[in-house]
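The values are calculated or read from the model by the stated rules, or taken from the named source; none is laboratory data. Computed from a predicted model, the values in this text were never measured in an experiment. Cβ placement follows ideal geometry from the backbone for every residue including glycine, while neighbour counts extend to all protein chains displayed. Accessible surface is based on the protein model in full, side chains and every heavy atom, while ligands, DNA and RNA are left aside. Shrake-Rupley method; radii C 1.70, N 1.55, O 1.52, S 1.80 Å.
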Amino acid sequence: MSKIRDFKLEGLVPAVFTPMTTDGAIDYDKIDAYSRYLSDLGVKQVFLNGTTGEGFSLTLDERKKIVETWVRVGKESGRIRDIVVHVGSLNMHDSQELAKHAAVAGVDAIATVPPLFFKPSKLEYIVEYCKKIAEAAPNVPFYYYHIPTMTGVEVNIEDFLVMASKEIPSLVGAKFSSKDLVDFLGCTQLTAPNRSDSKYNLMFGCDEQLMAAMVMGGHGSVGSTPNLMWGTMARVLQLTAQGNFPEARKEQLRCQKTVRIMLKYGPQLGGNVAALKAILALVGMDTGPPRAPMRAPSAEEARAIKADLNAIGFFNWDNQPATNLASQPATNLASQPATNHRRKTAR
Ligand SMILES: CC(=O)N[C@@H]([C@@H](O)[C@H](O)[C@H](O)CO)[C@@H](O)CC(=O)C(=O)O
């Protein structure tokens, strides 16, 4: 059980894109260069086959081969320390199969979204569904992947953690891709008896709100923008942890402005991931087009995206941190001693 209890995601954990060729096949050979690109940034942990990875657009065999490739070129090379795999799908059996495969492949944790076609009406049903998937890989740390904007399943994660912890021994935390910071604070403040820090590993996934989530006690970020603006997101984490909120806000605003460009072009490309893939290509890591129903931008659209990024100064931001700031665990503010602001009275 110590493998489960001791596992922790922290700092910046990119939800990685899935490299594809122009004819829509998976470009497995590109994963080697991609893992090197991320490792050079200071990445230690990655999240595969999630939303950013277009996991729901992939076949089971493709998802398995992506996992195996990342383990071989990422873990075995020493570039990447921990690999978390999203095993959620449209049915429990596929997810159980992916969970078993992930365990055999040697990944470090798995995560799943709830059932999203026949949407569960009660929390108990979600817990039971997750339990059956987690049991397919009982010795692998398990995360609930909360992303209601994509799944349409709104559930209070604090309540989920309390109920699921009684049913799922491998439960270690949640990947919280929702702007509901009220629920998020409730999650981070669930402490184990006589421990000050959170009982669960809470990773936040709305990058444009990361600073606030860290103030609420989050342990870091699993998201898309660390792929393409690592330095900026690293400074959000570090400046927030240091309590330098004016500077942290400047970095967070940079993320927000970049996300607005994603939101401007995402709809016409069939989805925001398509716009993000285009931005990643513009910073030099080309992972090819997305898969239908999304599409790559035309040359004209790519020029427009680049012009909009230029207009906000995107290419002048230091996104290749020399100090690999974010590979250091972001200090969880909740565990920081209160700064003594009392003015020292002259003796
Ligand atoms: C809806 C969505 O794609 N959310 C992204 C965010 O990183 C998002 O791209 C970012 O906050 C910009 O909106 C992540 O939460 C998704 C994620 O973690 C994943 O790809 O597995």
Legend entry - Ala304, sole failed condition from (1) within 16 Å of the ligand (Cβ to nearest atom); (2) part of a helix (DSSP H, G or I); (3) surrounded by fewer than 20 Cβ atoms within 10 Å (Cβ to Cβ): (1)
Inset, instruction - Considering each of Val67, Val13 in turn, give the residue that is outside any helix (DSSP H, G or I), at pLDDT 95 or above and surrounded by 20 or more Cβ atoms within 10 Å (Cβ to Cβ). - result: Val13
Inset, instruction - Inspect all residues belonging to segment 181-200 and state whether any of them is out of contact with any Cys (no Cβ under 7 Å at 6 or more places or on another chain), under 22 Å from Phe314 (Cβ atoms) and more than 16 Å from the ligand (Cβ to nearest atom). - result: no
Legend entry - Residue identified as under 20 Å from Ala281 (Cβ atoms) and either in contact with a Pro (Cβ under 6 Å, 6 or more places away or on another chain) or not charged (D, E, K, R) (or both) among Gly42, Gly88, Gly53, Gly74: Gly53
Inset, instruction - Among the residues of segment 35-58, count how many are under 20 Å from Pro289 (Cβ atoms) and in a loop (DSSP other than H, G, I, E, B). - result: 7
Inset, instruction - Pairs only if they're at least six apart or on different chains, beta carbon under 7 angstrom, first in segment 34-60 and under 15 Å from Arg79 (Cβ atoms), second charged (D, E, K, R) and assigned to a loop (DSSP other than H, G, I, E, B); list them, first residue then second. - result: Ser35/Arg79; Arg36/Arg79; Ser39/Arg79; Lys44/Arg81; Gln45/Arg81
Legend entry - Unmet criterion (only one of (1) in contact with a strand residue (DSSP E or B) (Cβ under 8 Å, 6 or more places away or on another chain); (2) in contact (Cβ under 8 Å) with a residue 40 or more places away in the chain; (3) closer than 26 Å to Arg81 by Cβ) for Val155: (3)
Inset, instruction - Kindly list the number of the only condition in (1) without any contact (Cβ under 8 Å) to a residue 12 or more places away in the chain; (2) in contact with a helix residue (DSSP H, G or I) (Cβ under 7 Å, 6 or more places away or on another chain); (3) not in a loop (DSSP other than H, G, I, E, B) that fails for Ala212. - result: (1)
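Residue-wise test of (1) open to solvent by 10 Å² or more (accessible area, probe 1.4 Å); (2) within 11 Å of the ligand (Cβ to nearest atom); (3) farther than 26 Å from Glu158 by Cα; (4) of a type in the set (A, V, I, L, M).
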| position | (1), (2), (3), (4) |
| --- | --- |
| Gly205 | yes, yes, no, no |
| Met211 | yes, no, no, yes |
| Gly218 | no, no, no, no |
| Thr232 | no, no, yes, no |
| Leu239 | yes, no, yes, yes |
| Tyr265 | yes, no, yes, no |
| Leu269 | no, no, yes, yes |
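Quick grid of which residues meet (1) more than 17 Å from Gly217 (Cα to Cα); (2) in contact with a Gly (Cβ under 9 Å, 6 or more places away or on another chain); (3) within 13 Å of the ligand (Cβ to nearest atom):
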position: Asn244; (1), (2), (3): no, no, no
position: Lys250; (1), (2), (3): yes, no, no
position: Gln256; (1), (2), (3): yes, no, yes
position: Asn272; (1), (2), (3): yes, yes, yes
Inset, instruction - Filter segment 157-180 down to residues that are within 13 Å of the ligand (Cβ to nearest atom) and basic (Lys, Arg) and give me whichever is nearest to Ala136 (Cα to Cα). - result: Lys175
Legend entry - Among the candidates Gly284, Gly243, Gly288, residue that is in contact with a Lys or Arg (Cβ under 9 Å, 6 or more places away or on another chain) and on the phi > 0 side of the Ramachandran plot: Gly288
Inset, instruction - Kindly indicate whether Val162 is touching a residue at least 24 places away in the same chain (Cβ under 8 Å) and over 13 Å from Asn201 (Cα atoms). - result: yes
